[in-house]
Amino acid sequence: MAQLLVRDLDESLVRKLRIRANAHGVSAEEEHRRILREALGRSVERKPSLIEFLVSPQGGFAPELDLDISRDREIENRDTGL
C-alpha cells in the first residue's frame, strides 16, 4: 500500500479530523482514508448547458423548438479539454 504524508495543515483542521474520527470510533488516520475514499470515489456528473436545461422537461421550455446545441457542446468541450 502507498503512503501519503500531508504537511502544513492548520491545527484547527487536524483538530476537526480527530473529533470526527472519535465520533466514528476510528483513528484519525482511518478517518482520513475514509474522507479521501468518499471524496475521490464520487463520479463527477456533467451539468447540462443552459440550452440543454431549457429544452429538458425540467426546464419547461418549448421542446418543439429545433435548437442546435452541437455548437455549444463543441465550444464547451474545447474550453474544458474534453
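The 1.4 Å probe gives accessible areas that order Glu45, Glu29, largest first, as Glu45, Glu29.
From most to least packed by mean Cβ count within 10 Å, the peptides 31-39, 3-11 give 31-39, 3-11.
The values are calculated or read from the model by the stated rules, or taken from the named source; none is laboratory data. Computed from a prediction, not measured in an experiment: that's the story for all the values here. Cβ: placed from backbone, ideal geometry, glycine included. Neighbour counts: every protein chain shown. Accessible surface is based on the protein model in full, side chains and every heavy atom, while ligands, DNA and RNA are left aside. Shrake-Rupley method; radii C 1.70, N 1.55, O 1.52, S 1.80 Å.
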